[in-house]
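So the structure is just underneath, and the comments pick up after that.
A short reminder: the numbers here are calculations on the coordinates, not readings from a lab. Because the structure is predicted, anything quoted here is derived from the model rather than measured. Note: ideal-geometry Cβ built from the backbone for every residue, glycine included; neighbour counts use all protein chains shown.
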C-alpha cells in the first residue's frame, strides 16, 4: 500500500515549461528542494546567481557546459558540479539530445524570485 501511495505521488509532479526546456520539482521541503531539469539542444538558462541557496547539479543524460563564475565546466552523464551561494552560473546544452540534470538546492529559501538574472536569451534579465 505504501508503494502505491509513492507511485501516485511521484506521478503527480507537474512540469514547468520554459523557453529553454522544462523542469519538475521532485521534493520541496523546509531544508532542501530537488528538481529534474531538462534543457533542449542549443538552449541555455539565464546567467544568474542566488543569494539564499547553493545548488548541486548531477547530469543524468546528455552533455552541457556550465559557466561557473569565470570557469567553464563540461558536464556529462554521471558528472556533478557544486554551485556556491552567490556564484554566477548558467548551463548550456551543447549536445544533440536533451540535457537532463538533477538539481539539489540547499539554503533557507527556494522561491523562483531568488533568481537574479544577469543575462538572458529570452528577455527576462
For this session: Collect the residues in the range 52-73 that are surrounded by fewer than 20 Cβ atoms within 10 Å (Cβ to Cβ), touching a residue at least 12 places away in the same chain (Cβ under 8 Å) and more than 15 Å from residue 34 (Cβ to Cβ), keeping them in residue-number order.
Result: 52, 61, 63, 65, 67, 68, 69
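Taking the range 69-104 on its own, how many of its residues are part of a strand (DSSP E or B) and closer than 22 Å to residue 122 by Cβ? Talk me through it step by step, then tell me what you get.
Pass one, the range 69-104, residues part of a strand (DSSP E or B): 71-76, 80-83, 89-93, 99-104.
Remaining after also requiring closer than 22 Å to residue 122 by Cβ: 72, 75, 83, 89-93, 99-101, 103.
Counting residues in the range 69-104 that are part of a strand (DSSP E or B) and closer than 22 Å to residue 122 by Cβ gives 12.
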